[in-house]
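Before any comments, here is the structure.
The values are calculated or read from the model by the stated rules, or taken from the named source; none is laboratory data. What you see is a predicted model; the values in this text were computed from it and never measured. A quick note on method: Cβ atoms are made from the backbone with ideal geometry, for glycine too, and the neighbour counts reach across all protein chains shown.
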Amino acid sequence: MSEVLRRWNFLPRAAAANEILPCCGSKAWAEKITARRPLPDEKVLLAASDEIWQSLPESEWLEAFRSHPRIGESSTPNGVAHRSTVWADQEQRNVAQGGDAIRTALAQANREYERRFNRIFIVCATGKSSEEILKIIQRRLNNDERTELLEAAEQQRQITQLRLRKWLQEEDAR
């Protein structure tokens with residue numbers, strides 16, 4: 001068992017939920033996963049995360065989406081934990097390396113997405129270039145509302161899995 005998970009298993013409930021919240025951004029998810037403690041290992045944690053995420057109502061998915069910065073931007077919404085901001089910057093590292101033209105195209109696509117779906121565009125950006133992400137957002141702009149919500153939720157699930165793994169490897173998670 002990771003030292004982070006071992007310590008987290010014994011934190012008071014509110015502190016444990018607050019610590020794990022940046023991995024997802026949904027308070028209900030954080031509370032439900034905290035209620036499952038003690039979790040013996042990474043495999044059980046990741047499986048519980050997926051099960052809880054899939055069981056949440058749409059309003060909780062939207063709360064998690066709101067905890068992210070727009071693709072191509074480095075600032076996260078007010079009230080988002082520092083750890084989440086650091087992870088978002090890491091996840092979007094390749095996007096930041098795109099040229100001015102691609103960043104402008106991404107900003108325009110972000111605005112179009114927000115007008116169409118009334119929420120920010122969510123994609124698991126880790127390892128993807130700005131060009132790849134632009135193609136993804138352009139494709140997803142053709143989705144109907146339900147299809148896009150489910151795709152965004154799947155992307156959030158993937159982001160949460162990556163962040164949980166990062167969190168478990170942190171020496172000084174608090």
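Quick test for you: out of 148, 112, pick the one residue that is surrounded by 15 or more Cβ atoms within 10 Å (Cβ to Cβ), touching a residue at least 12 places away in the same chain (Cβ under 8 Å) and charged (D, E, K, R). It would help to see each step written out before you state the result.
Values: 112 fails: surrounded by 15 or more Cβ atoms within 10 Å (Cβ to Cβ).
From the options 148, 112, the qualifying one is 148.
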- Could you run through the stretch 19-34 and say how many residues are in contact (Cβ under 8 Å) with a residue 40 or more places away in the chain and farther than 14 Å from residue 156 by Cα? 2
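Residues of the stretch 45-57 being in contact with a helix residue (DSSP H, G or I) (Cβ under 7 Å, 6 or more places away or on another chain) and under 15 Å from residue 25 (Cβ atoms), which ones?
If the condition is that a residue be in contact with a helix residue (DSSP H, G or I) (Cβ under 7 Å, 6 or more places away or on another chain) and under 15 Å from residue 25 (Cβ atoms), then 49, 52, 53, 56 are the ones that fit.
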- When you scan the stretch 95-154, how many residues do you find that are among the hydroxyl-bearing types (Ser, Thr, Tyr) and in contact with a Phe, Trp or Tyr (Cβ under 9 Å, 6 or more places away or on another chain)? 1
- Message: Among the numbered criteria (1) at pLDDT below 95; (2) under 12 Å from the mean Cα position of the chain (by Cα), which one does residue 93 miss?
- Response: (2)
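With the structure loaded, tell me whether residue 160 is loosely packed, with under 12 Cβ neighbours inside 10 Å and of a type in the set (Val, Ile, Thr) or whether it fails that test. Steps first, please.
Numbers: loosely packed, with under 12 Cβ neighbours inside 10 Å: no; of a type in the set (Val, Ile, Thr): yes.
Here the answer is no, as residue 160 does not meet what is asked.
May I ask you to list the residues in the stretch 129-145 that are basic (Lys, Arg) and either surrounded by fewer than 19 Cβ atoms within 10 Å (Cβ to Cβ) or more than 18 Å from residue 108 (Cβ to Cβ) (or both)? Lay out the reasoning, then the answer.
First, the residues of the stretch 129-145 that are basic (Lys, Arg): 135, 139-140.
Hits for the stretch 129-145 are 135, 139.
Specify the residue that is farthest from residue 25 (Cα to Cα); the eligible residues are those in the stretch 115-128 that are among the charged types (D, E, K, R), surrounded by 15 or more Cβ atoms within 10 Å (Cβ to Cβ) and at pLDDT 95 or above. Even if it seems obvious, please write down each step before you answer.
At the first step, the residues of the stretch 115-128 found to be among the charged types (D, E, K, R) are 115-116, 119, 128.
Now drop any that are not surrounded by 15 or more Cβ atoms within 10 Å (Cβ to Cβ), which leaves 116, 119, 128.
Checking the rest, the ones that are also at pLDDT 95 or above come to 116, 119.
Values: 116: 23, 119: 15 Å.
Among those residues, the one meeting the criterion is 116.
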